[in-house]
Each structure stands twice: as structure tokens, then as C-alpha cells.
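Just so it is clear, none of the values below were taken in a lab; they were calculated from the coordinates. Only a predicted model underlies this, so the values are computations on that prediction, with no experimental measurement involved. Cβ placement follows ideal geometry from the backbone for every residue including glycine, while neighbour counts extend to all protein chains displayed.
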Amino acid sequence: MEPNPMCTALSAVKVLRLEVGHLFSTLSAGVREEHGEEGREFITEIQNMLTTINQRYREFEQSVMNINIPSGSLMLANSSYLGQESSTDKQNLYSPLVRSHKWTDKVHKYSIIAHSILNANSLKKSLIFTSSFNKRKRPLSTSQNVTPQQMDSFISSMDRLFPDMSFSVSRSLAANTIVQVTLSRMLQATIAFRGLIIEWVVIKGYTESSNSPTDLMTESRYHVFRRITDHAQAATLHFAMPTFHEISVKSFLSWLNSYSTLFTSVCKHCSKHSYDCYPPTWRDFKTCDPYHFECKP
Ligand SMILES: [Zn+2]
């Protein structure tokens with residue numbers, strides 16, 4: 001196949017620049033020992049280089065002659081209107097425009113690579129995956145729009161998975177589900193869902209009665225559970241996954257389940273039950289180990 005004349009010309013420029021660069025670096029290095037006492041060798045070397053440069057220059061000229069002059073104007077789409085711009089500060093927009101096009105191309109390329117990497121590893125990042133869960137076909141869609149029936153079946157599967165927890169579902173608005181989770185005889189969590197995304201969590205003591213099962217505004221009257229509410233809010237953000245919402249809910253519930261030993265476990269760091277009158281209210285997101293908030297790693 002005939003090489004493109006433009007490519008040939010560009011390679012000729014490259015070769016010419018290389019030769020000239022070589023000449024200048026030799027000149028700046030000066031006469032060396034191997035050039036002899038009078039430096040005649042040096043002059044011969046420079047002359048040879050100049051001859052090569054002349055030759056390369058002729059080749060370059062020849063390759064430029066072969067380039068066809070494009071007929072008509074080049075198609076630059078909307079950027080060609082930049083040439084009609086009369087204000088001087090806008091006339092220099094062409095090169096930033098080209099740079100931003102290149103940048104967008106790169107972003108696109110990297111996002112494709114990142115997407116394929118994330119797709120390959122997303123399931124491995126979850127904390128509580130069991131192989132059986134991976135193999136089983138996931139019954140729920142990853143969208144936020146889940147039907148009440150799908151939500152109910154998801155909650156009942158969670159009920160089976162966590163024997164210490166009991167779940168009760170109520171719906172104040174059609175799409176929003178509020179789930180009341182009672183963990184042993186320890187605490188109650190009111191969780192507001194939008195689709196399968198946890199939007200809000202309030203933790204209260206087991207003995208605290210609330211005015212309504214959908215009450216998300218009243219906080220616990222105990223400092224301990226108010227503190228755990230804060231940790232639970234942080235946990236929902238930590239476990240949030242952009243596409244696998246049911247996995248993030250499962251991870252969150254698994255983390256919450258570790259509070260069944262709130263008043264009996266000792267802090268993993270200081271090995272004490274109480275610090276500043278608080279039990280170990282923090283649970284590590286990865287290991288679910290108990291820590292005082294002040295002792296957490
Ligand atoms: Zn501690």
C-alpha cells in the first residue's frame with residue numbers, strides 16, 4: 001500500500017529534526033580526545049553531519065511536494081465559526097478547544113477501562129458475600145424502583161438470614177418503605193428506604209416506645225442509642241454501592257446485627273466494658289469488632 005504523503009512528510013520532518021538536534025549536541029560537547037590533537041576529526045565529523053542534514057532536507061522538500069493541497073476548506077464543524085470571531089480575546093480559542101477535545105477523548109478511554117475493571121471486581125468488595133449468594137441468581141433488580149412485593153420478599157429473605165432480628169414493614173407513601181428492625185432485646189432500628197436505598201436510620205432502645213412505627217424524627221432518649229444512630233448513618237454511607245443496593249442493605253444489617261452484644265462485649269482496643277460511661281458503641285465496618293468510639297482504629 002502507498003504510504004500517505006502526509007505521514008511521509010511528517011516522518012521526514014522528524015528525521016530532519018533528529019539530525020539537527022544531533023549536530024547541536026555534538027557541537028555543544030566540543031572537541032573530544034578521540035578527535036586528535038588538532039581536532040581535524042571533529043571538523044570532518046561536523047561536515048559529515050551537515051551533508052546528512054542537507055540530504056534529509058532535500059528528502060523533506062520532496063515529500064512536501066507530494067502532498068496534495070486539500071480542495072475547499074477543511075471541515076472543522078462548529079469550530080470553524082471561531083475564525084469569524086471579531087473580538088481578539090476569543091480568536092485564540094482554537095488550541096484550547098483542541099486540547100479539551102483530546103482531554104475528553106482521554107476521559108472517555110479511561111472511563112471505559114475503569115468500568116471494565118470495576119465490573120470485574122465489584123462483587124469481591126462486599127464484606128458478607130458467601131459463595132452461595134454469589135451463585136444464586138439475584139431476584140431483585142438493581143434499580144431504585146422496586147415493587148412492594150419485591151421489597152416484601154427481600155425483607156423476608158433478610159428475616160431468614162438474621163435470626164436475632166425481627167422485621168416489620170410499613171408504608172407511609174407508596175414507593176417508600178419503612179422497616180422496623182428489632183434486634184434481640186437490645187435495640188430497635190427504624191430504617192427508611194427509597195426503593196432499596198437506605199435513606200435514614202434511627203436507633204432506639206428496645207424498651208422505648210414510639211408514637212408511630214413510621215416515626216423517623218424522634219431520636220432516642222438515651223445517649224448510647226443516639227450515638228449509635230450517628231454510627232449507623234455513617235455505616236449506610238460506608239456500605240452504599242451505586243448498583244448493588246440489596247448487597248449494601250445486607251452488609252448494613254450484618255453490621256447492625258453485631259450490636260446484639262452491645263452491653264456484654266468488651267472493647268477490642270482497651271479490653272474494658274465502659275469508657276466515659278459508654279459501652280463500646282462503635283463497630284468496625286469490616287470486622288464488626290466492638291470498640292469505644294474513642295478507641296476505634
Ligand atoms: Zn476502648
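Can you tally the net charge around Phe60? Count Lys and Arg as +1, Asp and Glu as -1, for every other residue whose Cβ sits under 13 Å from the Cβ of Phe60. Computed value for this residue: +1.
Of the chymotrypsin sites (Phe, Trp or Tyr not before Pro) found in segment 157-221, those that fall in a DSSP loop while having at most 12 other beta-carbon atoms within 10 Å are Tyr206. Working from label points 7 Å from Cα in the Cα-to-Cβ sense, the Arg40 to Met65 distance is 3.9 nm.
Over all other residues within a Cβ to Cβ distance under 15 Å of Glu38, the charged ones net out to -3, with Lys and Arg as +1 and Asp and Glu as -1. How would segment 144-219 be classified by its alpha-carbon gyration tensor: rounded, prolate or oblate, with rounded meaning a/c under 1.5 and the a/b versus b/c comparison settling the rest? Judged from the Cα gyration tensor, segment 144-219 comes out oblate (a/c at least 1.5, b/c at or above a/b).
DSSP loop GluC sites (Glu not before Pro) in segment 152-219 with at most 15 other Cβ atoms within 10 Å of their Cβ, which ones?
Taking segment 152-219 and a limit of 15 other Cβ atoms within 10 Å, the loop GluC sites (Glu not before Pro) found are Glu208, Glu219.
Could you please state, rounded to a whole Å, how far the C-alpha centre of segment 1-69 is from the C-alpha centre of segment 223-286? If you average the Cα positions of each part, the centres end up 71 Å apart.
Anisotropy class assigned to segment 207-297 is oblate, per the alpha carbon gyration tensor with a/c at or over the 1.5 cut-off and a/b no larger than b/c. Farthest toward the positive end of the dipole of segment 194-297, out of Pro297, Thr214, Cys277, is the Cα of Pro297, where the dipole comes from beta carbon charges about the Cα centre. When you filter the trypsin sites (Lys or Arg not before Pro) in segment 165-221 for DSSP loop state and at most 12 other Cβ atoms inside 10 Å of their Cβ, you are left with Arg185, Arg221.
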